[in-house]
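Please read the structure below before turning to the comments.
Each value in this text was obtained by applying a stated rule to the coordinates, not by laboratory testing. As the structure is a computational prediction, the values presented were derived from the model and not from experiment. A quick note on method: Cβ atoms are made from the backbone with ideal geometry, for glycine too, and the neighbour counts reach across all protein chains shown.
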Amino acid sequence: MNAAPPLMLAPLAGFTDAPFRLLCSQGGAARVYTEMASAAGLAHGSGPTLRLLDTMPGEATVHAQIFGNNEDDIAAATRIVASLKRFAAIDLNTGCPMPRIRAEGSGSALLESPEKIHRMLRAMKAESGGTPITLKTRPGPRPSQENMLEIVACAEEAGVSEIALHARFASRAHGGPPLLDKLAECVKAAKVPVIGNGGVVDRASCEAMAATGVAGIMIGRAALGDPWIFRRLAAPEGEAGDFPDAFETFARHVGLVKEFAAMTNAAHPDIQPVDVDAYVSARFRLHLYRYFAGMRGAAAMRREMNGISSLAGAEAAVAGLAGLRTVS
Ligand SMILES: Cc1cc2nc3c(=O)[nH]c(=O)nc-3n(C[C@H](O)[C@H](O)[C@H](O)COP(=O)(O)O)c2cc1C
């Protein structure tokens with residue numbers, strides 16, 4: 001039997017910033033992805049977009065992901081990302097189903113035109129200075145319009161090193177079971193390695209995806225609030241060892257967010273600094289629920305902590321959370 005495929009953190013806009021990626025790296029992710037960064041934003045010098053490409057020491061192999069709707073922006077963004085020399089590959093997003101992204105012709109709207117995906121990947125390849133180019137895609141826009149094999153052929157012709165398939169049609173967004181038969185078909189047809197993605201939440205779903213022959217498995221939402229999932233699923237059943245509990249992990253997460261806020265402000269003296277109080281408290285509220293959902297007292301805790309608006313408040317709340325262990 002082949003070795004188990006490595007487990008990776010999927011790109012999740014709004015979530016997979018450097019602190020969370022570092023936490024998942026510590027949790028056993030073999031590779032992590034940046035949130036999708038707008039090619040137009042990068043091409044036009046947007047500070048917040050540039051910050052999405054900040055990394056922290058200790059992260060696993062990082063791939064940068066960009067999205068866009070025209071070759072010029074995509075080419076310029078690829079040049080900028082490659083010049084940072086901190087990414088092992090640059091990935092093109094052709095799977096995002098968000099209406100705002102689709103409306104501008106980016107993300108999964110590109111699935112309607114494999115020809116355009118080909119042109120964009122060619123543009124990336126020409127500007128990447130040798131950094132590998134990869135594609136994250138789907139079986140097609142909708143079940144009545146499956147065009148995965150055409151997209152795979154276009155991507156390979158353009159010179160991609162790898163393809164990640166989120167095994168759900170774009171019309172399903174992020175819902176429903178992954179189409180493992182499509183994944184197996186993609187693995188069989190592609191000459192480059194295929195990474196599988198969609199619906200991996202536990203050992204059974206991970207093993208089912210591994211059985212398709214994928215070269216790696218990307219885990220998205222199941223890593224939120226559970227960065228140790230990678231190590232747990234990679235170890236033989238019952239042999240993963242002990243992990244810090246949700247209280248300790250969340251405290252560590254908030255600490256990394258604080259560290260990152262200082263780092264990113266120091267790294268970009270020329271762009272508007274992040275407001276540390278606003279940033280840390282927003283990340284605190286965003287992730288809090290993920291760590292404690294389902295625990296006894298979680299709803300009350302959330303109500304109480306929703307008002308946190310400063311770094312000091314977040315740190316005091318984290319210290320106070322330890323006391324809640326008794327009700328968990
Ligand atoms: C909140 C959220 C943000 C996402 N952001 C991105 C993104 O920036 N780039 C991307 O390629 N996919 C993005 N995705 C899709 C995920 O990478 C992944 O393909 C999807 O969640 C399926 O994997 P899962 O079932 O393991 O969560 C996002 C999904 C969610 C739920």
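Of note:
- Estimated from the Cβ-Cβ distance and a Förster radius of 22 angstrom, the FRET efficiency linking residue 304 and residue 30 is about 0.05.
- At most 15 other Cβ within 10 Å, DSSP loop - GluC sites (Glu not before Pro), region 68-152: 104
- In summary, region 207-282 shows an alpha-carbon radius of gyration equal to 1.53 times the 2.2 N^0.38 Å reference for compact globular proteins.
- Taking each DSSP H run with n ≥ 4 as -39500 (n - 2.57) and averaging over every residue of the chain yields -13000 deg cm²/dmol at 222 nm.
- Amide H partners (placed H, <5 Å) of residue 164, local residues excluded: 135, 136, 137, 195
- √(5λ) per eigenvalue of the Cα gyration tensor, region 246-323, largest first, Å: 25, 12, 10
- In plain terms, the chain from residue 290 to residue 173 could stretch by 40.1 nm, reckoned as 0.36 nm per residue minus the Cα-Cα distance.
- R0 of 41 Å, Cβ-Cβ distance residue 259-residue 115: FRET efficiency to nearest 0.05: 0.40
- Normalised radius of gyration (Cα atoms, divided by 2.2 N^0.38 Å) for region 1-76: 1.23.
- Contact order relative to length of the chain, as percent, for alpha carbon pairs under 8 angstrom and 6 or more apart: 15
- Check: the chain dipole with +1 on Lys, Arg Cβ and -1 on Asp, Glu Cβ, in debye: 420
- Its Cα gyration tensor gives region 67-125 an equivalent ellipsoid. The semi-axes, each the square root of 5 times an eigenvalue, are 20, 12, 10 Å from largest down.
- Between the listed residues 257, 286, 316, the Cα displaced farthest toward the positive end of the dipole of region 246-323, a dipole computed from Cβ unit charges relative to the Cα centre, is found at 286.
- Given in Å, the Rg to one decimal and the Dmax to the nearest whole number for the Cα atoms of region 13-121 are 13.7, 39.
- Cut-off 14 Å between beta-carbons: net charge of the residues surrounding residue 233, Lys and Arg +1, Asp and Glu -1: -2
- On the basis of the beta-carbon distance and an R0 of 51 Å, residue 208 and residue 72 show a calculated FRET efficiency of 0.80.
- For residue 188, the aspartates and glutamates whose Cα falls under 20 Å of its own Cα, not counting residues fewer than eight places away in the same chain, are 146, 150, 156, 157, 162, 207.
- Summing +1 for each Lys or Arg and -1 for each Asp or Glu among the other residues whose beta-carbon sits under 14 angstrom from that of residue 316 gives -2.
- Ellipsoid semi-axes for the chain, based on the Cα gyration tensor and the rule √(5λ), read 33, 25, 17 Å when sorted largest first.
- Dipole moment magnitude, nearest 20 debye, region 1-110 about Cα centre, only Lys, Arg, Asp, Glu C-beta charged: 180
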